[in-house]
Every structure is written in structure tokens, then in C-alpha cells.
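Remarks on the structure that follows.
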């Protein structure tokens, strides 16, 4: 279903609290010099600073390491896999230098985060990545995420940063994913080949008809690998996590400022909030690995929207790891809900019935002050 009115891209940007911005190699790297596009990056950094000044949190997913490394090493685009991984090793430092040069004048600190598909699909690594990104945002940094091409094998690669950006948005429960592209959104056909093609402003469902409108990567681009099809796949992933997607042209300076001022883009809406989608995933997609029984006071606190404190846990059942889904039951065994354990079963056994201030001494490290955080908990409906 395509909708052309009622909601705009600029309104969606204005209402977003946590934003993931994906930038492709063709924007980060100058195609002629094969060096960082410094002026464009500086302008984008000003846009990011403006969002931050309005209280928004911004995570950047940046391509460009392999392209920059190829330029430094004199490698061709069709280099062997080991040569591409070597180029990534060289290019990562060049990429972060470029981001430091762009963000530094805005008094913003970039933080490199390298991920593989394993990091966002294996529960423990997913939790660690989420905690790291949350900590960086709280410390005022701009996380700059890229695929860890230096060590990733084909089996654990995303293959393009559009999908990595969508998984990052899912990981951090972002409200909005912005994909900066070489076109200003989705058209009914490739506008470079079909000048009469119509622009689609708002898409509410990624139907087969919509998906069929996506073409391949821009054949004229020398450094990028993505295309409109991968952007719609990224939007599908983000949408399932309650995150809206904007496909925006990044060819002009200040693309995010232009977006806020009403520049044309394609908005792909999400049917739920990130938190609602996340809780739906917990409730319906994960098999509980164990259970904890809690007292009546803790049960009442949960109904009131509080997190589950270790002091309310009276019994631990089964073998589970941190981040596993577990059942929450009353002392008589009645089901109360499910949630993601903040501690493994053996640690939960040590901290049950104890106050939050005692946890670090009992488990040997400074972890969460709760047994299950309220955001990671889904209560059964009465």
C-alpha cells in the first residue's frame, strides 16, 4: 500500500529520538581521488551536531574502509577476498581519521564499532554489542559502525551495510533508520532510465509490487555495492523491529538538514514502536530456557511497570545463560510472564533474595542492578 499524504519525512525525523544513519562508500569516498570526501563529511557532521543539539541520539553506519584501503594499496575493485580484507585493515584507520576530522570541529567524538552477523544474531554477543552502543551514546559519543571485513568469513558477513544498518537499528531499538542514497527515494521505475517514473513518498507495506520496483546497484558507481533492493530489504528488517526507514539522497551537502526542511524522500513506516516490536519478539520468538519464582511483592512491582529486582527472586529453575529467555512465575507456580535474564542461572542463584548493592560482590563484576529489566520483560495478560 502506498500513501502520498498524512505523514511526511521531515515530521518523522522530527519525532525520532534515536536515529541510525547509513552512508555508502560512494558518498564517503571520492570516486576520482579515492580519498575521503572531506567536505561532504564535514557538512554531514554539522547536520549530526544539529540533531544532537535537539536532543537526538545518532549512530552512524559508515561504509568506505575497503574502498579507502584499495586506494591506498593500489588494488583493483575486483581484488581477491584476502586482498579486500587487507584493504579493510588499512582502510579502517583511514575511515576513522576521516570521521575524526569531520566530527572533531563539532566537538563530537567518534567511536569505532566493528560488527559481524554473529554479533547481532548470537544472543550473548548481541547483548554485549547493545550494551556497548548504549554506553557510547550515554557518554555522548557518535558510534561509527562498520562490518568487520578484516576477519569476517562469507558465512558471517552481511555483505552490504544497508542490512548491517538495519540490524544495528534493531539492536539499539532505534526509532528511525536513514539510508543515504544516490537517489531521493523509491520510484515506480529507475528514474535514470525512465524519466517519467513516479516518486513514492510514503510506503506502508512492502508488497511484492513495491519490491519489484527496486533495481540493482548504480552501475555508474565505482566504489559502492548496494542498490535499492538491499535498501528495501533493510527497511523490511527495520520495520519488523518497529523502526521506520527513510531513503534520502545524499548527493548534496547537508542531506539531514535538507531532510528536516522538507527535502524529498521515501518513508517506509513501521506498524509498531521499537519497544513494542521488541517485546513481541521476546513473547513469541524465544523458547524459555529456565524459570525463576518471585514473591508477591515483586509480582506487584512488575504489574506496576517496575523491573524485577534480585531481592524478589526466591527460586531458580533450569540452566540458562545471560540473555536467555526465562519464565517468571509466582511462588505457587502460576505464570506471570517471560523475560531476558540479566544473569546466568548460577549467578541468579547467588543473588536471589539479595539487594542490588550486593550483586557486584556476589558475581565478581559490575553488572545490571536488576534480575530482569522492565524493557526485557513481557507480562502475561490477566
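Out of the residues in segment 169-219 that are closer than 19 Å to residue 20 by Cα and at pLDDT below 90, state the one that is surrounded by the fewest Cβ atoms within 10 Å (Cβ to Cβ).
182
Can you tell me how many residues in segment 314-337 are under 21 Å from residue 301 (Cα atoms) and in contact with a helix residue (DSSP H, G or I) (Cβ under 8 Å, 6 or more places away or on another chain)?
Count: 7.
Are any residues in segment 338-352 touching a helix residue (DSSP H, G or I) at 6+ places or on another chain (Cβ under 7 Å) and either loosely packed, with under 15 Cβ neighbours inside 10 Å or assigned to a strand (DSSP E or B) (or both), and if so, which ones?
Passing the criteria: 338, 339, 340.
From (1) in a helix (DSSP H, G or I); (2) farther than 19 Å from residue 161 by Cβ; (3) at pLDDT below 95, pick out the condition that doesn't hold for residue 242.
All conditions pass for residue 242, except number (1).
Of the numbered conditions (1) under 30 Å from residue 206 (Cβ atoms); (2) within 18 Å of the chain's Cα centre (by Cα), residue 66 satisfies every one except a single condition; which is it?
(2)
Residues checked against (1) without any contact (Cβ under 8 Å) to a residue 24 or more places away in the chain; (2) surrounded by fewer than 16 Cβ atoms within 10 Å (Cβ to Cβ); (3) under 19 Å from residue 335 (Cβ atoms):
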| site | (1), (2), (3) |
| --- | --- |
| 255 | no, no, no |
| 258 | yes, no, no |
| 267 | no, no, no |
| 289 | no, no, yes |
| 297 | yes, yes, yes |
| 308 | no, no, yes |
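Given the criterion assigned to a strand (DSSP E or B) and either closer than 25 Å to residue 206 by Cα or at pLDDT 95 or above (or both), identify the matching residue among 21, 5.
That would be 21, the only listed residue that is assigned to a strand (DSSP E or B) and either closer than 25 Å to residue 206 by Cα or at pLDDT 95 or above (or both).
When segment 95-121 is examined, which residues are found to be out of contact with any strand residue (DSSP E or B) (no Cβ under 7 Å at 6 or more places or on another chain) and part of a helix (DSSP H, G or I)?
97, 101, 102, 104, 105, 106, 117, 118, 119, 120, 121
The values are calculated or read from the model by the stated rules, or taken from the named source; none is laboratory data. Model, not experiment: these values are computed from the prediction. No Cβ is skipped: glycine too gets one built from the backbone with ideal geometry, and neighbour counts run over all protein chains shown.
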